[in-house]
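So the structure is just underneath, and the comments pick up after that.
The values are calculated or read from the model by the stated rules, or taken from the named source; none is laboratory data. Bear in mind the structure is a predicted one, so any value in this text is a computation, not a measurement. Please note: Cβ atoms are built from the backbone with ideal geometry, for glycine as well, and neighbour counts cover all protein chains shown.
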Protein chains: 2
Amino acid sequence: MRGAEALLRTLVAGRVDVCFTNPGTSEMQFVAALDQVPGMRAVLTLFEGVATGAADGYARVAGRPAATLLHLGPGLANGVANLHNARRAGVPLVNIVGEHAVAHLPYDAPLASDIAGLAGPVSGWLRTTAHVGAIAGDTAAAIAAARQAPGQIATLITPANVTWEECAGPAPAPALAPPPRAADEAVEAAAAALRSGGGTMLLLGGWALQGAALDLAGRVAARSGCRLAGATFFPRQERGAGRAAPERVPYGVADALRFMAGVRRLVLVGARPPVAFFAYPGAPSLLAPADAEIITLARPEEDPADALARLADLIGATAPAPLAPAERPAPPSGRLSPATMARAVAALIPEGAIVVDEAVTGGFPAWQASAGAPPHDWLPITGGSIGIGLPLATGAAIAAPERRVLCLQADGSAAYTIQALWTQAREGLNVTTVLYNNRAYRILELEYRATGSGARPGPQAAQLMRLDRPAIDWAGVARGLGVPARRAETAEELAAAVGAALREPGPQLIEAIIDEE
Amino acid sequence: MRGAEALLRTLVAGRVDVCFTNPGTSEMQFVAALDQVPGMRAVLTLFEGVATGAADGYARVAGRPAATLLHLGPGLANGVANLHNARRAGVPLVNIVGEHAVAHLPYDAPLASDIAGLAGPVSGWLRTTAHVGAIAGDTAAAIAAARQAPGQIATLITPANVTWEECAGPAPAPALAPPPRAADEAVEAAAAALRSGGGTMLLLGGWALQGAALDLAGRVAARSGCRLAGATFFPRQERGAGRAAPERVPYGVADALRFMAGVRRLVLVGARPPVAFFAYPGAPSLLAPADAEIITLARPEEDPADALARLADLIGATAPAPLAPAERPAPPSGRLSPATMARAVAALIPEGAIVVDEAVTGGFPAWQASAGAPPHDWLPITGGSIGIGLPLATGAAIAAPERRVLCLQADGSAAYTIQALWTQAREGLNVTTVLYNNRAYRILELEYRATGSGARPGPQAAQLMRLDRPAIDWAGVARGLGVPARRAETAEELAAAVGAALREPGPQLIEAIIDEE
């Protein structure tokens, strides 16, 4: 059996059975082996940033890793930005990168580069397979590493000769270690904080915003009277009617400082201490009050549900948590603004939907408006590397074909990985994309004010934040890539178009022309 | 004066006066300074791979570096694939990457990453500015490093606080060292090789395929009777009627081995020994005969024209070189194939055109057919990292607004950086793109045969090489991005469309539907 076949059979044995790829010559043995090994779904993308972002979305929904298959250093590099997001989300991902045959490396061929050097900054685990006898074991080790809590990027670099040489066969599925449990002292410290009276906040992050952990956190907050909050960004949150509803730490520094004011004890569950996304002259980096005590109940790699269950026991939080009531706004009318778009989205989210949010300045209003929508999952950008929305939606739809994916996508970010639409068309995915077209990098116009260079950008600066010369016809681009698309210029048109798209199979894009004046 | 303004003034003083960018919050001070500093042209791109590829194209034509301005690690990562191409081409490039403020780094904010780690594999020079007092000097050092022969990528990482703090002012233009001269022994060894009789080949690469170096190489070959060849890939070649016309080393291993058969002495001028792009089971990596003597006349960083002038003197090569005759095919008719497309291109290349070649399997026939076209420059992909064509054409057109750019672009590669079309529209660039739409990664179908897995891919492998499900409407995508486009299904239609586009101002795209059966 060739090394490539052993690699593939080991992946399938380890339940890594979807591979997002754009392969090249050095990966041809892997491609050829796809016809020998049943059980692997290979999904072609037109660009590696789509592949890595889709693998992220797949894992956030499926709860287990997909593989990527990338072509040498440049193919990896194209995927790094979305690997950065996945790394920040604590998402499991088996990242396979082809390399030249070992004997070819001394010749420094044009496509040769330092692949391990490029992979290091985004990889929690990194290995180059040294010889064909190691390929099966390395693949199993990569799966185990990817699934190490909370989830990490395991990069396996496979020289071409290792894929074409003969080996003994695949490895069995690796044993997976359960996530470590929080220390008893941590649970007791959290309980003490909750008993200390006012000024305590329970802050959930990572994988604590779903399932048993979220429910238990709601009970703990109800019993203790503490504030319950979720991190600004997280891999996935279960929310909507009938679920616990933590507040969300705002994005902006001034808003976040106001939000955290009065917090004297901050209990972290899977979250890291809240910090500013960017530094600004004179502004603090840490968003919690400087004198607040920070207590870690569960680190990101520890089991949040277990820690919260023990905490709930300790403080006697047996009563059900208060849950979000079912309430959604009526569909809006009139001009399209972030506010009316938020209402349209909130009015239409189907039960069980997966909402992907890379609407940037448009995303927070949609979040606010949809607190009482039918139960759904929310998947935001996590590492701030734009171009994640369309790929994330693609992977999420492959993980859950029975659910609807509603992708809230800003225009500037959409331009980064617009190629994802083609994969959505190719695979017939049930993704409805709402393209927030404000013809600007609106967030930069806001961020510019913080430079101290005057409230309004000069002409040179302003032109770098505008996407209106020429205006992009997003519906036309989408149709060119195979996705049916239409354009909405009023809230009524938007609601009608989104409603119709959500009832039809396959992907659609609705370009919403936003009037921000 | 703020650090950002000093940086900008130092760039302009050093004749780095075009900047390709997609900035973010950490680069806002640089953006703000654009309105204080005259003389810098900031060109917005929708994706960083466009910015780096355009900077490459600019430098190949202008002969001096452009700057990039990239947003933190992810922005840099998006530009790495085309930086890889630029590195392989020996192209000068000042690569500026924003970083978080130093005081913010310990908080490990979501967008923080190991920027220097990502930059290392593609940078010949790399520095992080330590404090605002160093920013002007570091910028001048980056310009000097970028321009160190043959040209390299100089990456300057600028923490945000360094751009907003006050400093003394800009630095003057750095002194530029001339390229080193080849050793006398190297010139004598080359002369001896040329006098040794048959079996000698003079192989030009790097910057030796233009200007005085190319002309002198033609004279040397004529005088000595040696074969004159150019590397498969190079930053820029001046060619066409009235110019010396070296043969070109073929891409395929079998073709290249045949081409090199009988070579007993290989004299390198700016070229590296020819090696296979990829390794294959049982195939050699070195394409020169194993017993051929390899003599280096001028290393890539040495002055090729100087070395060839001294060699010409030594062997008495005073007579003019034989030059390519003016001859171009009649415009073709009938179905569109790589062969008829090549004839259409050759029939229409305008004098002084810049031809950008990322047509992959379609590029070599176009090269062959256009040997006698009016004088023009040829800019191919250099490092094998696809997605360079449209960005390269963008930068070339900005460097030479008075010339026509003809971009031969394969479909699979076009999908990587299609966003470049928007920048072409925004800047009104005279770029005519011929989109070779064969609805496949045709080169992979050829490469697959080398896997030894059977001549024809199985169904799983085959679907990863086809772009026909759904077929992409490239003309529609181009129009959506603001570039007028039309579609050609016959050779007559193609010739008419390209001819018309070349007479009109601004960018156009002609989608050529190729029938390869």
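Output the residue which, of all residues in the stretch B:354-386 that are within 14 Å of chain A (Cβ to nearest Cβ), among the hydroxyl-bearing types (Ser, Thr, Tyr) and crowded, with 24+ Cβ neighbours inside 10 Å, is nearest to B:Arg328 (Cα to Cα). For the stretch B:354-386, the residue satisfying everything is B:Thr382.
Within the stretch A:352-368, one or more residues are farther than 26 Å from A:Tyr441 by Cα and either free of Cβ contacts under 8 Å to residues at least 40 places away in the same chain or in a loop (DSSP other than H, G, I, E, B) (or both). Whether any residue in the stretch A:441-457 is over 18 Å from B:Asn78 (Cβ atoms), within 10 Å of another protein chain (Cβ to nearest Cβ) and among the β-branched types (Val, Ile, Thr) is what I want to check. There is at least one residue in the stretch A:441-457 that is over 18 Å from B:Asn78 (Cβ atoms), within 10 Å of another protein chain (Cβ to nearest Cβ) and among the β-branched types (Val, Ile, Thr).
Using the structure shown, decide if A:Ala189 is small (Gly, Ala, Ser) and under 29 Å from the mean Cα position of the chain (by Cα). Here the answer is no, as A:Ala189 does not meet what is asked.
In the stretch A:415-436, of all residues being polar (S, T, N, Q) and within 12 Å of chain B (Cβ to nearest Cβ), the one that is surrounded by the most Cβ atoms within 10 Å (Cβ to Cβ) corresponds to A:Thr417.
Given the conditions (1) part of a strand (DSSP E or B); (2) touching a helix residue (DSSP H, G or I) at 6+ places or on another chain (Cβ under 8 Å); (3) within 30 Å of B:Asp313 (Cβ to Cβ), which single one is not true for B:Leu156? Here B:Leu156 meets the rest and fails (3). Annotation: B:Arg469 fulfils all but one of (1) surrounded by fewer than 21 Cβ atoms within 10 Å (Cβ to Cβ); (2) basic (Lys, Arg); (3) touching a Ser or Thr at 6+ places or on another chain (Cβ under 9 Å); the unmet one is (3). Residues in the stretch A:465-517 that are farther than 20 Å from A:Asn430 by Cβ and among the basic types (Lys, Arg) were compared, and the one that is farthest from the chain's Cα centre (by Cα) is A:Arg469.
In the set (1) over 21 Å from A:Trp474 (Cβ atoms); (2) at the interface with chain A (Cβ under 10 Å from one of its Cβ atoms); (3) small (Gly, Ala, Ser); (4) surrounded by 19 or more Cβ atoms within 10 Å (Cβ to Cβ), B:Ala488 fails one condition alone, (2). Does A:Ala342 satisfy the criteria of being in a helix (DSSP H, G or I), more than 10 Å from chain B (Cβ to nearest Cβ), farther than 23 Å from B:Ala471 by Cβ and within 14 Å of the chain's Cα centre (by Cα)? So A:Ala342 does not fit the description; no. In the set (1) touching a Lys or Arg at 6+ places or on another chain (Cβ under 7 Å); (2) within 14 Å of chain A (Cβ to nearest Cβ), the condition left unmet by B:Asp138 is number (2). Residues that are within 14 Å of chain B (Cβ to nearest Cβ) and among the acidic types (Asp, Glu) do occur in the stretch A:148-165, at least one of them. Inspect the stretch B:482-500 for any residue being in contact (Cβ under 8 Å) with a residue 12 or more places away in the chain and either in contact with a Cys (Cβ under 8 Å, 6 or more places away or on another chain) or among the aromatic types (Phe, Trp, Tyr) (or both) and give the result as yes or no. No. Restricting attention to the stretch A:111-122, the residues that are within 17 Å of A:Leu93 (Cα to Cα) and touching a helix residue (DSSP H, G or I) at 6+ places or on another chain (Cβ under 8 Å) add up to 5.
If you go through the stretch B:254-291 and keep only what is surrounded by fewer than 23 Cβ atoms within 10 Å (Cβ to Cβ), in contact (Cβ under 8 Å) with a residue 40 or more places away in the chain and more than 14 Å from chain A (Cβ to nearest Cβ), you end up with B:Met260, B:Gly262, B:Arg264, B:Arg265. Taking the condition in a loop (DSSP other than H, G, I, E, B), in contact with a Phe, Trp or Tyr (Cβ under 7 Å, 6 or more places away or on another chain) and either away from chain A (no Cβ under 14 Å) or surrounded by fewer than 24 Cβ atoms within 10 Å (Cβ to Cβ) (or both), does B:Ala130 pass? Criteria not met by B:Ala130. Residues in the stretch A:75-112 that are among the hydrophobic types (A, V, I, L, M, F, W, C), under 19 Å from A:Cys19 (Cα atoms) and under 16 Å from the mean Cα position of the chain (by Cα): A:Val80, A:Ala81, A:Leu83, A:Ala86, A:Val91, A:Leu93, A:Val94.
If the condition is being facing another protein chain (nearest Cβ under 7 Å) and not aliphatic (A, V, I, L, M), then the stretch B:475-485 contributes B:Gly476, B:Arg479, B:Gly480, B:Gly482. Among the residues making up the stretch B:491-517, those that are in a helix (DSSP H, G or I) and among the hydrophobic types (A, V, I, L, M, F, W, C) are B:Ala491, B:Leu494, B:Ala495, B:Ala496, B:Ala497, B:Val498, B:Ala500, B:Ala501, B:Leu502.
Check the stretch A:169-185 and report whether any residue there is away from chain B (no Cβ under 14 Å), in a helix (DSSP H, G or I) and within 25 Å of A:Leu209 (Cβ to Cβ). Yes, there is a match, as at least one residue in the stretch A:169-185 is away from chain B (no Cβ under 14 Å), in a helix (DSSP H, G or I) and within 25 Å of A:Leu209 (Cβ to Cβ).
When the test is whether a residue is more than 27 Å from the chain's Cα centre (by Cα), surrounded by fewer than 18 Cβ atoms within 10 Å (Cβ to Cβ) and modelled with pLDDT under 95, B:Ala462 passes it. Within the stretch A:327-339, the only residue that satisfies the criterion of being part of a helix (DSSP H, G or I) and of a type outside the set (A, V, I, L, M, F, W, C) is A:Pro338. If you go through the stretch A:462-474 and keep only what is part of a loop (DSSP other than H, G, I, E, B) and closer than 27 Å to A:Ala283 by Cα, you end up with A:Leu464, A:Met465. Yes or no: B:Ala145 free of Cβ contacts under 8 Å to residues at least 60 places away in the same chain, buried (at least 20 other Cβ atoms within 10 Å of the Cβ) and over 30 Å from B:Val220 (Cβ atoms)? Against the criterion (free of Cβ contacts under 8 Å to residues at least 60 places away in the same chain, buried (at least 20 other Cβ atoms within 10 Å of the Cβ) and over 30 Å from B:Val220 (Cβ atoms)), B:Ala145 qualifies.
When the criteria are applied in full, B:Val477 fails the requirement of being farther than 30 Å from A:Cys19 by Cα and either in contact (Cβ under 8 Å) with a residue 60 or more places away in the chain or among the aliphatic types (A, V, I, L, M) (or both).
If I ask for residues that are closer than 30 Å to A:Pro159 by Cβ and crowded, with 20+ Cβ neighbours inside 10 Å, which ones from the stretch B:293-335 would you list? Within the stretch B:293-335, B:Thr296, B:Arg299, B:Pro300 meet the criteria. Checking B:Ala213, B:Ala245 one by one, the residue that is crowded, with 22+ Cβ neighbours inside 10 Å and either on the phi < 0 side of the Ramachandran plot or among the aromatic types (Phe, Trp, Tyr) (or both) is B:Ala213 and no other.
Put simply, of A:Pro172, A:Pro159, A:Pro178 the only residue that is surrounded by fewer than 24 Cβ atoms within 10 Å (Cβ to Cβ) and either at pLDDT below 95 or in contact with a His (Cβ under 8 Å, 6 or more places away or on another chain) (or both) is A:Pro178.
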